[in-house]
Amino acid sequence: MDSTFNIKLWKTSVYKGARKTTHTVRWELDGREWRQPFGTAALAESFRSQLVVAARRGEAFSTTTGRPLSQQSAANAVDWYGFAVQFADAQWARTSANNRKVVAKVLMASTVALLRAPVPSHIAMVDLRTALREFAFNMKRRDQAAPETIAILRWVERNTPSMAAWEDPAKVEAVLSALSAKLDGKPVALSSVKRTTRVLNVAMEYAVKQRILRENPLPKGRGTSPKTSSAVDKRSLVNPQQAALLLDAIRRRPRGGERLHALFATLYYLGLRPEEAVALAVSDARLPVEEDVDQWGELLIHTAQPEVGGNWTDSGEIHEERGLKGRAADDMRSVPCRPALTRILREHVEREGLKPGDLLFQGEKGDMLAGSVIRRAWRTAREKVLTPHEFESPLGRRVYDLRNTCLTNWLNGGIPPAQVADWAGNSVPVLLATYARCIDGQLADMKRRIEEGGDLPDVGA
């Protein structure tokens, strides 16, 4: 391990801020300054005394952590690559397939940022990233790695530092900076930064629990977690005329158009998440008998089938069956089905010859409808219906925007937020935080209510 005896200890600096006073212990190792702030003078003096005692007895200091070697944790004995593999395996059994994929992506990016040597010319960066993400941090596929992939991973293992790198504040800052930028240097979305920070925090807490690190090295306090907004962009909402044209364009598709039309109509009218809609069985649609087709029906939502890829699911299937988002595993919710959608679904079931146990919305071979098919159909409809300016705008850019439009319409129609939240599968606080900016058409009524409170009486002379 890198260490030095070239140590200089300085006086503790004191900064008196508006809210608190900070006492910072400062010292220098081989010309590099180190700092450790404390909230009280007593704590700062106690820490400085430990450094003084270690220096006087001739103890070497680590140039990685800045601390005396006697104060080092077990981090020096554990390399980052080995720890990352261990952490990925520990998370595998307790997380969903989608979370496994997220963890692998974060560990891959962190490993690349921590490399001690430049990647040799014979290893393409795309191959290195793929080897880490798809094999090193995928417990299911690790034993299936090809010889060339194994060779890449062995090079990575030789060129990653020990866990002591996370005890160096400058190194931690460098890694976090690298993770906040894309390959082209542009900043990543704040939601991605937040997700990355969350995964790394879990990893660091795991390291503390395993007694590899003394404490979580990630920065804490104000400003360390990026502020993200969950509010829906009003520009993404689709008005009724646009929705009618888009759904009609999907219905007219020469291949599977009528089947897809029933799916998209359900998303628009009921506000389901796409992974909930593709999981519906025919028996989940409580539709009135044929002669009462203009009556309301009901859909029972109890399962979701997110598409994550067979490499990450235990079953090897592309979709992973999950319970409803934010609810208990066996929970369900019901959503009223308006007559317009009842007619569409009744015709769909009869036309396709579906039985109660069949999937309500199927692929061409009767299997689970693929997300790529849904997204491609929606994109094609947008290209056909919208103007070039509208197509490039956020207007209905995602299939999920149909859900946002539905929930906004419910709220603007005066449906109580608690009822909308129940139908949508959200909590009321999340619903209001997400859709508050989209509630419209009620300003005149609210102004009237304010005025009914009365103006101040005239008390002038």
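The values are calculated or read from the model by the stated rules, or taken from the named source; none is laboratory data. Since the model is a prediction, treat every value here as computed from it, not as a measurement. Using ideal geometry, Cβ is built from the backbone for each residue, glycine included, and neighbour counts are taken over all protein chains shown.
Just to be sure before I move on: is Pro219 surrounded by fewer than 11 Cβ atoms within 10 Å (Cβ to Cβ) and either within 16 Å of Trp80 (Cβ to Cβ) or in contact (Cβ under 8 Å) with a residue 12 or more places away in the chain (or both) in the structure I sent? Can you show your working first?
Numbers: surrounded by fewer than 11 Cβ atoms within 10 Å (Cβ to Cβ): no; either within 16 Å of Trp80 (Cβ to Cβ) or in contact (Cβ under 8 Å) with a residue 12 or more places away in the chain (or both): yes.
Criteria not met by Pro219.
When Val188, Val238, Val232 are checked against the criterion of being closer than 20 Å to Val103 by Cβ and among the β-branched types (Val, Ile, Thr), a single residue qualifies: Val188. As for the stretch 53-63, it holds no residue that is in contact with a Gly (Cβ under 9 Å, 6 or more places away or on another chain), of a type in the set (A, V, I, L, M, F, W, C) and over 16 Å from Asp2 (Cα atoms). Where helices (runs of 4 or more DSSP H) fall entirely within the stretch 303-419, those with at least 2 residues that are within 29 Å of the chain's Cα centre (by Cα) and under 17 Å from Thr266 (Cα atoms) are at 371-385, 401-412. Candidates in the stretch 247-305 are the residues that are in contact with a Leu (Cβ under 7 Å, 6 or more places away or on another chain), farther than 26 Å from Asn426 by Cβ and of a type outside the set (A, V, I, L, M, F, W, C); of these, the one that is surrounded by the fewest Cβ atoms within 10 Å (Cβ to Cβ) is Arg253. The residue pairs whose first member lies in the stretch 225-240 and is modelled with pLDDT of 90 or more, whose second member is surrounded by 15 or more Cβ atoms within 10 Å (Cβ to Cβ) and outside any loop (DSSP other than H, G, I, E, B), and whose beta carbons are closer than 6 Å, counting only pairs six or more residues apart or on different chains, are Ser236/Asp401; Leu237/Thr405; Leu237/Thr408; Val238/Thr405. Looking only at residues in the stretch 391-406 that are touching a residue at least 24 places away in the same chain (Cβ under 8 Å) and of a type in the set (D, E, K, R), which one is farthest from Arg375 (Cα to Cα)? Of everything passing the filter in the stretch 391-406, Arg403 is farthest from Arg375 (Cα to Cα).
Just to verify a result, which residue in the stretch 60-97, among those that are aliphatic (A, V, I, L, M) and crowded, with 18+ Cβ neighbours inside 10 Å, is nearest to Ala136 (Cα to Cα)? Walk me through it before giving the result.
Taking the stretch 60-97 and keeping what is aliphatic (A, V, I, L, M), we get 60, 69, 74-75, 77-78, 84-85, 88, 90, 93, 97.
Then drop every residue that is not crowded, with 18+ Cβ neighbours inside 10 Å, which leaves 60, 75, 78, 84-85, 88, 97.
Details: Ala60: 36, Ala75: 21, Val78: 17, Ala84: 9, Val85: 7, Ala88: 9, Ala97: 16 Å.
Among them, the one singled out is Val85.
The set of residues in the stretch 268-311 that are touching a residue at least 60 places away in the same chain (Cβ under 8 Å) and farther than 16 Å from Met368 by Cβ comprises Tyr268, Tyr269, Leu270, Gly271, Ser283, Ala285, Leu287, Ile301, Asn311.
Considering Met139, Met108, the condition of being buried (at least 16 other Cβ atoms within 10 Å of the Cβ) and part of a helix (DSSP H, G or I) is satisfied by Met108 alone. Taking each residue of the stretch 199-216 that is of a type in the set (Lys, Arg) and looking for partners that are surrounded by fewer than 20 Cβ atoms within 10 Å (Cβ to Cβ) and assigned to a helix (DSSP H, G or I) with beta-carbon atoms closer than 8 Å, six or more apart or interchain, yields Arg211/Ala74; Arg214/Val208. What do you reckon, is Ala44 touching a His at 6+ places or on another chain (Cβ under 6 Å) and surrounded by 14 or more Cβ atoms within 10 Å (Cβ to Cβ)? Yes: the conditions hold for Ala44. For the stretch 117-133, state whether one or more residues are farther than 23 Å from Gly309 by Cβ, touching a residue at least 60 places away in the same chain (Cβ under 8 Å), buried (at least 16 other Cβ atoms within 10 Å of the Cβ) and not small (Gly, Ala, Ser). No; the residues of the stretch 117-133 include none that is farther than 23 Å from Gly309 by Cβ, touching a residue at least 60 places away in the same chain (Cβ under 8 Å), buried (at least 16 other Cβ atoms within 10 Å of the Cβ) and not small (Gly, Ala, Ser).
Among all positions in the stretch 238-251, there is no residue which is of a type in the set (S, T, N, Q) and in contact with a helix residue (DSSP H, G or I) (Cβ under 6 Å, 6 or more places away or on another chain).
Just to be sure before I move on: is Ser121 among the polar types (S, T, N, Q), more than 25 Å from Ala75 (Cα to Cα) and part of a helix (DSSP H, G or I) in the structure I sent? Answer is no for this residue. A single entry from Glu167, Glu148, Glu157 fulfils the requirement of being within 16 Å of Val78 (Cα to Cα) and modelled with pLDDT of 90 or more: Glu157.
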